[in-house]
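Heads up: the structure comes next, in structure tokens.
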Amino acid sequence: MVTGTDPGTEAWEAVEALERDTTARELAHALPADSTVLVIGASEICGEAVLQRPDVEVLVADTVGEGFGLIRQLDARDHIAVDVPSAGVGVAATQVDLVLIEAEVMDEGAALARSGSLSAAAVAAHHEIPVWLVAGVGRVVPTRMFEWVADREADVDPWDDEVERVPVSLVDKVVGPAGLGPVGEIRFRIDCPIAPELFR
């Protein structure tokens with residue numbers, strides 16, 4: 001929108017692209033049958049995906065007090081769901097088949113994700129439990145844009161923030177609109193141009 005010649009048209013196209021985002025559907029399709037997964041907070045895309053898979057048991061780590069919404073939706077559909085307190089994120093990551101981390105925004109090297117994601121990913125990686133990073137439309141940006149966003153999030157002590165930086169070195173696969181893919185293909189997913197106006 002900022003870089004376009006017609007911001008109004010760009011805005012409508014951006015909204016339509018978000019509405020057409022197939023990441024949740026691709027994630028739901030890729031989840032292993034009868035598995036147990038860990039989700040951090042009320043992740044939008046991850047939540048939509050696990051709701052489509054009643055065979056999957058879901059551990060929801062309520063790290064910033066928002067996980068109850070997803071738990072309630074899962075319970076309403078008779079899914080198996082477990083509410084994990086923030087203190088239990090590390091242990092929970094050792095008790096599942098898969099850890100799902102949803103990127104708020106990311107570049108080739110790291111993602112900003114819900115608080116607790118770094119702990120979950122690090123513990124899972126140590127125990128050789130797969131970690132999938134979920135990044136929908138518009139969430140993979142050039143490094144300069146990512147660092148600008150990350151710097152704006154750094155105004156508070158990192159342990160008080162609701163998001164944290166998760167290095168992609170802890171990630172096994174990335175899930176996007178085209179499905180499950182290798183981490184090395186993240187650079188081909190950049191769908192946001194650099195907006196020079198933001199750096200003045």
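The values are calculated or read from the model by the stated rules, or taken from the named source; none is laboratory data. The structure presented is a predicted model; accordingly, all values stated were derived computationally and were not measured. Reconstructed Cβ throughout: ideal geometry from the backbone, glycine too, with neighbour counts over all protein chains shown.
Do you know which residues across the stretch 28-46 are surrounded by fewer than 23 Cβ atoms within 10 Å (Cβ to Cβ) and either assigned to a helix (DSSP H, G or I) or free of Cβ contacts under 8 Å to residues at least 24 places away in the same chain (or both)?
Once the filter is applied, which keeps residues that are surrounded by fewer than 23 Cβ atoms within 10 Å (Cβ to Cβ) and either assigned to a helix (DSSP H, G or I) or free of Cβ contacts under 8 Å to residues at least 24 places away in the same chain (or both), the stretch 28-46 yields Ala28, His29, Ala30, Ala33, Asp34, Glu44.
Evaluate the stretch 141-161: report whether one residue or more is more than 15 Å from Glu108 (Cβ to Cβ) and either modelled with pLDDT of 95 or more or within 14 Å of the chain's Cα centre (by Cα) (or both).
No, every residue in the stretch 141-161 fails to be more than 15 Å from Glu108 (Cβ to Cβ) and either modelled with pLDDT of 95 or more or within 14 Å of the chain's Cα centre (by Cα) (or both).
When the residues of the stretch 50-72 are filtered to those that are assigned to a helix (DSSP H, G or I) and at pLDDT 95 or above, which remaining residue is farthest from Asp34 (Cα to Cα)?
Within the stretch 50-72, the match that is farthest from Asp34 (Cα to Cα) is Leu51.
In the stretch 176-185, which residues are in contact with a helix residue (DSSP H, G or I) (Cβ under 9 Å, 6 or more places away or on another chain) and not in a strand (DSSP E or B)?
Once the filter is applied, which keeps residues that are in contact with a helix residue (DSSP H, G or I) (Cβ under 9 Å, 6 or more places away or on another chain) and not in a strand (DSSP E or B), the stretch 176-185 yields Pro177, Ala178, Val183.
Considering only the stretch 17-48, state which residues are among the basic types (Lys, Arg) and either more than 17 Å from Ala135 (Cβ to Cβ) or at pLDDT 95 or above (or both).
Listed by number, the list holds a single entry, Arg25.
Could you grab me the full set of residues in the stretch 157-167 that are within 18 Å of Ser43 (Cα to Cα) and touching a strand residue (DSSP E or B) at 6+ places or on another chain (Cβ under 8 Å)?
Across the stretch 157-167, the qualifying residues are Glu162, Val163, Glu164, Arg165, Val166.
Residue under question is Glu128, and the condition is that it be acidic (Asp, Glu), within 20 Å of Val37 (Cα to Cα) and without any contact (Cβ under 8 Å) to a residue 24 or more places away in the chain; does it hold?
yes
Of the residues in the stretch 73-82, how many are outside any strand (DSSP E or B) and touching a strand residue (DSSP E or B) at 6+ places or on another chain (Cβ under 8 Å)?
Here the count works out to 4.
What about Leu51, is it under 24 Å from His29 (Cβ atoms) and touching a residue at least 60 places away in the same chain (Cβ under 8 Å)?
no
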